[in-house]
Amino acid sequence: MKIIEDKFLKLLKNTAREQSFLGQEKLIPDQLSDLANFVGNHTWQSILLLSFFSTILLNFLVFVSNEI
């Protein structure tokens, strides 16, 4: 029983070390953290805004290509 407990504690310690490392690593640079927080808190508004601007850009590109 002692061997099983030692293996479990060793596994638990390794998992805690990995979790600690993942908690320290930044996925998004500091310059983009405000934008990331806005997108995270206002998901639907961000999707709506992105779709609006992409539609305008696509229509502009189609208009320009038809003029050429």
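Just so it is clear, none of the values below were taken in a lab; they were calculated from the coordinates. Computed from a predicted structure; not experimentally measured. Cβ: placed from backbone, ideal geometry, glycine included. Neighbour counts: every protein chain shown.
Below, the figures for the structure above:
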| item | result |
| --- | --- |
| DSSP-loop trypsin sites (Lys or Arg not before Pro) across the stretch 1-31, with at most 16 other Cβ within 10 angstrom | K26 |
| Unit charges at the beta carbon, dipole of the stretch 2-67: most positive-side option, L58, S20, F38 | S20 |
| Karplus 3J(HN,Hα) series, Hz, for the stretch 50-65 with 6.51 cos²θ - 1.76 cosθ + 1.60 (x for Gly, Pro) | 5, 5, 4, 5, 5, 5, 4, 5, 5, 5, 5, 5, 5, 5, 5, 5 |
| Label-point gap, in nm, between I3 and A36 - each point 7 angstrom along Cα→Cβ | 4.5 |
| Rg [Å, one decimal], Dmax [Å, integer] - the chain, C-alpha atoms | 24.3, 80 |
